[in-house]
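Submitted below is the structure of interest, expressed as structure tokens.
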Amino acid sequence: MAAAAEGGTRSKCSTVGPAATARAAEALVAAFDEEYPDVEHEFNPIGGGGNQNLDAVVANRLQNGDPPSSFANWPGPNLQRYEGVLGEVDDVWESEGFEDVMVQEAVDLHQYNGAYRAVPLGSHRLNCLFYNTSVVEEAGVDPDSLTSVSALIDALETVQNETDAIPMTHGASGTWTTTQLFASTMLGQEGYEAYMNFLDGSPDEAAVQATFESLAEILGNYINEDASSIGLTESNQNIIEGNAAFIHQGNWAAGAYRNAEDFNYDEDWGFKTYPGSEGMYMLHFDSFLYPSNNPSPDVTDQFMAFAGSEAAQVAFNQYKGSIPTRTDVDMSEFGPYLQETQQDFAEADERPPNLQHGLGVPSETMTALNDVISSEFSGPYNVEAAAEGFVDAVSN
Amino acid sequence: MTRNTDTGDDSGDALPDGGVAESGQRSGFSPVSALNERFGSDFVESSQFWLPPFLLVGLFVYGAIIWNLLISLTDFTGFGTPDYGDLDLEMYSRALADSGFVDAAINTFILLVGFTLVTLALGLGLAILIDRNIRFENTFRTIYLLPMSLSFVVTAQFWAWMFNFNNGVINIVITSLGFGRVDWIGNPDIVLWAVMFALMWQFAGYAMVVFLAGLRAIPDEHYEAAKVDGASTVRMYWRVIIPQLKGSTISASVVLMVFALKAFDFLYSLVGGYRPPNGADILATKMVREAYANLNWAYASAVAITLFLMTLGIVGPYLYYQYNRGNL
């Protein structure tokens, strides 16, 4: 953004965000233009490598003392890696009354070292199990009855016996899909407390080991054989084409279903909270972080206020396939699936932070966890070594 | 800058020792003439041509390497400025204790040696075949060279599809031959060889062109003499022709080894991220991961320096060889 002030002086500034969400970003920019027609802006979508390119660009700019006005990233412990280069947006939170309209987890996770460092734009849900309706019907499985990880494993067995479809499709060319599957499985099987203890650095080794045992059973028997050579997009395609029954993913996967032709919610695909984690919403935030030494403090404040506003959150999230982080938003413009998600979000008993997307552990821990998945748990599945590695990685 | 003909003539034909003494006596000490006499007749006068690029390369290449070395001796992480006051080799000892680093270094070395040797052999074979006055020679040459003109980003995606366990063309071929399917990407014992195979496919054409040029430079008489002496074709190539390809072999292998060290692009595109499949991590990917995922700048610099030393270990002897032959 560059502000065109009276008299023609301009304060330049730019915002950096992920490109995967191009359409959502366009909607966000259009809404911003409507709200602030006088402000010029420069929105740089950067894509590829699951935000890795974005991270690299941002890291270089911050390191070189040339920060963007704001950049998209995850709040929570992920903020630790930006130690010393983030400013504070307490005044934006206060003037916009964000504390009153955002869920408590958003309030907590956007603070670091006693100040607000970012503003949330939207939220994805992580503990999701999606399925292809006709495949589960053919197998005679009722997804809604799956309320434990062992019930899920039984259902996968049934799919394998009754149909030609892949019981659970998994794209494991990157390790992150397995790491996030670990998180949902641990939450569903070992419960909220065990999961939170794991994130907090006091893991119960037996719980971690039991989670990996279930994972080894799922990954060792019920996933597609080409898992290691495909990624999320191809894996998700197995659901759309009816080649697979289930997939675990964040609900960005549902964005692909909406874009697929003749593939409708409840008719062709369905959603089930990951077995065992009913009543919980594993949190993810898309947020805008505020660098200190900001090139355009005033306009950036305007933008941050806008990012947390209803207009921005509705414009962005309906295209991103995520939901507003405000609980006072009119959801009528969203489809039925996201409306349900928003309801789950607002009414959730617990909203545990995710493991793989910045909210649960600092980025270095996350890298260490993924190193463990890569070396011990990408087939063959070495339960003990993986459990030991995970416990070591998070332990304080 | 005017040319001092006196000094120029002196240093041009006189022995350095005598020249220095003479000019010192004749015109007093002059830095220009001293430099000219030390480094050659036009050292100062020609500096306007070579000095700017010399300084630029010195600063941006060698300066950056030295700076990188300095950073690797600090404990620099996160944002801010490194503390140059406390330099030690901690990052290097950390690297040696890091099994991920050791694995990556071993993989880099295997890739380096294996890829280079096989590609050279394949390139030589192709070059000899093409050199047999076959029909459609140019067509074949183009076909073999074509993969090299493709970007790693493109070829990595090709190979990701071809290596697919279920519907990749490679597994389709080997199952139709009666063998079991192979998990090329997912099996940590195989993936490095699969990557090596893909790189070999891409660069064999380059080795072929280099060898072909070498073969064409060998006079026809050598072939004829070998035939007159009754040597078989195999024997002729083995004893007469291949020994004359030393220069081509050395220059091709240096380029290939440098490509092997840069396999980062291929691995990055193969999985769309900084973390290659288990068993295929190399120093380059490890370095980028440490730098940008963990912001461990000092540690990443130590990995970079290790990679640099490996490269130097390859290019150094080559430069020395060329220097001894008077090519530098």
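Only one of A:SER287, A:SER277 is more than 30 Å from B:ASN166 (Cα to Cα) and either open to solvent by 10 Å² or more (accessible area, probe 1.4 Å) or assigned to a strand (DSSP E or B) (or both). Can you tell me which?
A:SER287
Next question. Quick check on the range A:360-368. Is at least one of its residues assigned to a loop (DSSP other than H, G, I, E, B), closer than 24 Å to A:ILE230 by Cβ and open to solvent by 10 Å² or more (accessible area, probe 1.4 Å)?
The answer is no; no qualifying residue exists.
Could I ask something else about it? Taking the options A:ASN259, A:ASN251, A:ASN236, A:ASN243, name whichever one is away from chain B (no Cβ under 12 Å) and open to solvent by 50 Å² or more (accessible area, probe 1.4 Å). Let's see the steps before the verdict.
Values: A:ASN251 fails: open to solvent by 50 Å² or more (accessible area, probe 1.4 Å); A:ASN236 fails: open to solvent by 50 Å² or more (accessible area, probe 1.4 Å); A:ASN243 fails: away from chain B (no Cβ under 12 Å).
Step by step, each of A:ASN259, A:ASN251, A:ASN236, A:ASN243 is checked, and only A:ASN259 is away from chain B (no Cβ under 12 Å) and open to solvent by 50 Å² or more (accessible area, probe 1.4 Å).
For B:GLN322, which of the numbered conditions (1) polar (S, T, N, Q); (2) within 14 Å of another protein chain (Cβ to nearest Cβ); (3) farther than 30 Å from A:SER375 by Cβ fails to hold?
Checking B:GLN322 against (1) polar (S, T, N, Q); (2) within 14 Å of another protein chain (Cβ to nearest Cβ); (3) farther than 30 Å from A:SER375 by Cβ, the one that fails is (2).
Would you please list the contacts, defined by Cβ atoms under 8 Å and residues six or more apart or on different chains, that run from a residue in the range B:42-67 that is more than 22 Å from B:LEU87 (Cβ to Cβ) and surrounded by 10 or more Cβ atoms within 10 Å (Cβ to Cβ) to a residue that is at pLDDT below 95 and β-branched (Val, Ile, Thr)?
Close Cβ pairs satisfying both conditions: B:VAL44/B:VAL32.
Turning to a different aspect of this structure: Where in the range B:230-318 are the helices (runs of 4 or more DSSP H), entirely inside, with at least 2 residues that are touching a residue at least 60 places away in the same chain (Cβ under 8 Å), surrounded by 17 or more Cβ atoms within 10 Å (Cβ to Cβ) and within 14 Å of chain A (Cβ to nearest Cβ)?
On the way: elements: B:233-236, B:246-261, B:264-271, B:283-288.
Fully inside the range B:230-318 and qualifying: B:264-271, B:283-288.
In the range A:244-263, which residues are assigned to a loop (DSSP other than H, G, I, E, B) and under 15 Å from A:MET282 (Cα atoms)?
A:GLY250, A:ASN251, A:TRP252, listed by residue number.
List the helices (runs of 4 or more DSSP H) inside the range A:19-115, counting only whole elements, that have at least 1 residues being open to solvent by less than 30 Å² (accessible area, probe 1.4 Å) and more than 14 Å from every other protein chain (Cβ to nearest Cβ).
A:22-35, A:90-96, A:98-101, A:104-109
Are there any pairs with C-beta distances below 9 angstrom linking a residue in the range B:193-214 that is assigned by TED's automatic domain parsing to the domain that holds B:SER251 and open to solvent by less than 10 Å² (accessible area, probe 1.4 Å) to a residue that is among the small types (Gly, Ala, Ser) and not in a helix (DSSP H, G or I), with the two at least 6 apart or on different chains, and if so which?
Pairs found: B:ALA194/B:ALA280; B:VAL195/B:ALA263; B:VAL195/B:ALA280; B:LEU199/B:ALA263.
Does the range A:376-396 hold any residues that are closer than 14 Å to A:ALA172 by Cβ and at pLDDT below 90, and which are they?
Across the range A:376-396, the qualifying residues are A:SER378, A:GLY379, A:PRO380.
To continue, here is another question. For the structure I just gave you, tell me whether A:GLU384 is more than 14 Å from every other protein chain (Cβ to nearest Cβ), more than 22 Å from A:HIS41 (Cβ to Cβ), surrounded by fewer than 23 Cβ atoms within 10 Å (Cβ to Cβ) and in contact (Cβ under 8 Å) with a residue 24 or more places away in the chain.
Criteria met by A:GLU384.
The values are calculated or read from the model by the stated rules, or taken from the named source; none is laboratory data. All values derive from a computational prediction rather than experimental measurement. Cβ: placed from backbone, ideal geometry, glycine included. Neighbour counts: every protein chain shown. Areas reflect the complete protein model, heavy atoms only, side chains present, ligands, DNA and RNA absent. Shrake-Rupley method; radii C 1.70, N 1.55, O 1.52, S 1.80 Å.
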